[in-house]
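In what follows, a structure is listed as structure tokens, so that the remarks can point back to it.
A short reminder: the numbers here are calculations on the coordinates, not readings from a lab. This is a predicted model, so every value here is computed, not measured. No Cβ is skipped: glycine too gets one built from the backbone with ideal geometry, and neighbour counts run over all protein chains shown.
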Amino acid sequence: MAVDQDNGQLDPSVPENYEHLLEDYSQFAPPAADEVVQGTVLGITAKDVIIDFGYKSEGIVPIEQFHSASGELTVKRGDVVDVMIDHSEQVEGYVLLSHTKAARLRIWDDLEKASNDQLILSGRVLGRVKGGLAVDVGVKSFMPGSQADPRPVHNLDSLIGQDIPVKIIKLNRRRGNVVVSRKLALEEEINSRKSVTLEHLSEGATVVGTVKNLTEYGAFIDLGGIDGLLHVTDMSYGRITHPSEMLQVGQDVSVKILRFDRGKERVSLGIKQLEPDPWETVPERYPVESRVIGRVVNVTDYGAFVELEAGVEGLIHISEMTWSRRMKHPSKVVKAGDPVEAVVLEVHSKDRRISLGLKQLEPNPWTTIDSRYSVGSVVEGRVRNMTDFGAFIEIEEGIDGLVHVSDLSWTKRVKHPSEILKKGMIVQAVILHIDSATHRLSLGIKQLQPDAWESYFQNHQVGDTVHGRVCRLASFGAFVELAEGVEGLCHFSEVPGYTGRRGAEEPPVHVGDEHDFKIVKMSEAEKKIGLSLRAVTADEEKIRLEDYQRQAAAATSTIEEVLSLKDRTHE
């Protein structure tokens, strides 16, 4: 476009001049109504912020658009800010601009880009709404409760006020709706960290992790996108009942990788493995027969566990607590928390076992029992326990003797000790046998009285006639009580009138019958006495015959004397 020489105006008929002029003055053309441009802050007044946005006139933005929620000014001279024309008219020579509208349009552009590219944004949780949370990502968005975390969250309120990473899962610019997910953002971060972590994990390595969760059996440690299990037994060589005694959620800890299954992404961790195992030097530090001091940490039915040091415990078995056999429960001697002194009995470092003893602190009463007691001496004690085969009598602390059921009475057939004795009863007994090596003492109660059988054998012999009562019957004869505790057997063949035919006749004698019997056999060793009712009857018949014969002889002699006297009278 050329210039007319007469009036100095451009000649629009010259195209090249028109295009050149358009390029020179295009920078002064106002932006479109919905176009966002960047401007530089030129100045700040009490009401407005003056912006140079590349137009022939500066623009102004109401200062309240640059105030924070707390009322502070967020810009200064020289800052570059987004603006757009708010109204086409000018105010006192300035173009009226809007930073708020520009920022809103810029935010929606950024949100669309983040949604299309699946980028992670930062958002601030504003509060609870129906079904989830309200999150500020530049505009107010909605996060469903199911999208708050990869794991179920029982308390959504704990996220209020926090800045969280989110990804856009739904966006409608026309309606102004945005739905976000913290779950997807965290999973992406976790997967990214996991891939890096898996490359550097190896068994035996020491790593630093964060305590993520505590359970009854251990703790889950976040190693960077992958969780490892720290079992409670691998936390300390000492006794731990719950992981919370050592760890807290959120705590950073150094752990050793014990096992790593890369395929299943399972990691087993340990803390105690970072320190030397105290059991490796236990035999040198706790030799057998040495005395040690520890603390009772647990009492069971079979004994008490004593902590000698962190990670090293010994067991005092109930049998090693006292020389007495009447110990009912270890709690009668020790309680949890008690300090105790004990003697080391055995050490098995491979099995992590130490056997301890309390009674070894006192002399063993069995070692001197032979010098303090003798067979045949009479002792006194308390009945502590009874079994089917006898009763245990404590004659002193740690010394129990057994009275066998057969040594309770000479005369009674005792089936159970309770027929004669009662628990707790004070009784006397005779020492029958002492075995200090096996800690056995045999006692007898019947030995306090003379043996009824021995006395009977001393005062009777074969051929004596004795009186007795039938106490019970057998198929072969009758048992006869001759004295208290002494019985004899009268076979039916020794009973007059017995033919021996089974079922043909009733027994010739009955229980309760009293008769005189003749002793026909005696065995003191077997404590057997044979009786005969027939022999007594035969003796009676013989005596009657002898009496008859004597009477007949006497009568004959009398007759002869009478006849002799009569003959002398006739002469």
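Past 25 Å, Cα to Cα: identify those pairs from Lys332/Lys415; Lys328/Lys412; Lys212/Lys256; Lys56/Lys101; Lys101/Lys170, in the order given. Those over the limit are Lys332/Lys415; Lys328/Lys412.
With 0.36 nm allotted per residue and the present C-alpha distance subtracted, the Lys264-Ala46 stretch has 72.0 nm of extension available. Residue ranges 49-60, 409-420 sort as 49-60, 409-420 when ordered by packing (mean number of other C-beta atoms within 10 Å per residue, highest first). Backbone geometry of the stretch 36-43 corresponds, through the Karplus equation with coefficients 6.51, -1.76 and 1.60 at θ = phi - 60°, to 3J(HN,Hα) couplings of 9, 10, 9, x, 10, 6, 8, x Hz, x marking Gly and Pro. With a cut-off of 13 Å between beta carbons, the residues surrounding Asp513 carry a summed charge of -2, where Lys and Arg count +1 and Asp and Glu -1. In this structure the amide hydrogen of Arg440, modeled in the peptide plane, comes within under 5 Å of the amide hydrogens of Asp435, none closer than 5 places in sequence on its chain.
The calculated FRET efficiency for the pair Asn213 and Met425, based on their C-beta separation and a Förster distance of 51 Å, comes to about 0.25.
Rounded to the nearest 10 degrees, the inclination of helix 15-25 to the longest alpha-carbon principal axis of the chain is 50 degrees. Amide H to amide H, with H built 1.01 Å from N, Gly238 comes under 5 Å of Gly311, counting only residues 5 or more places away or on other chains. Converting phi to 3J(HN,Hα) with the Karplus coefficients 6.51, -1.76 and 1.60 and the offset θ = phi - 60°, the stretch 262-277 yields 5, x, 8, 6, 10, 10, 9, 10, x, 9, 5, 5, 6, 10, x, 6 Hz in sequence order, with x at every glycine or proline.
Within the shell of other residues whose beta carbon sits under 12 angstrom from the beta carbon of Gln273, the net charge comes to -1, with Lys and Arg scored +1 and Asp and Glu -1. Helix 99-117 versus the longest principal axis of the chain: what angle, 0 to 90°, nearest 10, using Cα atoms? With both axes taken from Cα atoms, the answer is about 50 degrees.
With contacts taken as Cα pairs under 8 Å at a separation of at least 6 residues, the chain carries a relative contact order of 5 percent. For the chain, rounded, prolate or oblate, judged on the Cα gyration tensor with a ≥ b ≥ c (square roots of eigenvalues), a/c < 1.5 rounded, else prolate if a/b > b/c? Note, shape of the chain comes out prolate. Using the alpha-carbon atoms, what tilt in degrees (0 to 90, nearest 10) does helix 533-570 show relative to the longest principal axis of the chain? The answer is roughly 10 degrees.
Once the Cβ-Cβ distance of Ser68 and Glu307 is raised to the sixth power relative to R0 = 56 Å, the FRET efficiency obtained is 0.40. Converting phi to 3J(HN,Hα) with the Karplus coefficients 6.51, -1.76 and 1.60 and the offset θ = phi - 60°, the stretch 70-75 yields 8, x, 7, 6, 9, 10 Hz in sequence order, with x at every glycine or proline. Kindly provide the helix-only [θ] at 222 nm of the chain, computed as the sum of -39,500 (n - 2.57) over DSSP H runs of four or more divided by all residues, to the nearest 500 deg cm²/dmol? Helices in the chain give a 222 nm mean residue ellipticity of -6000 deg cm²/dmol. In terms of the mean number of neighbouring beta-carbon atoms within 10 Å, the peptides 259-266, 464-471 order highest first as 464-471, 259-266. Sorted on the mean count of surrounding Cβ atoms within 10 Å across their residues, most packed first, peptides 165-178, 394-407 read 394-407, 165-178. Can you grab the distance from the C-alpha centre of the stretch 241-295 to the C-alpha centre of the stretch 112-167, Å, no decimals? Taking the Cα centre of the stretch 112-167 as reference, the centre of the stretch 241-295 is 41 Å away.
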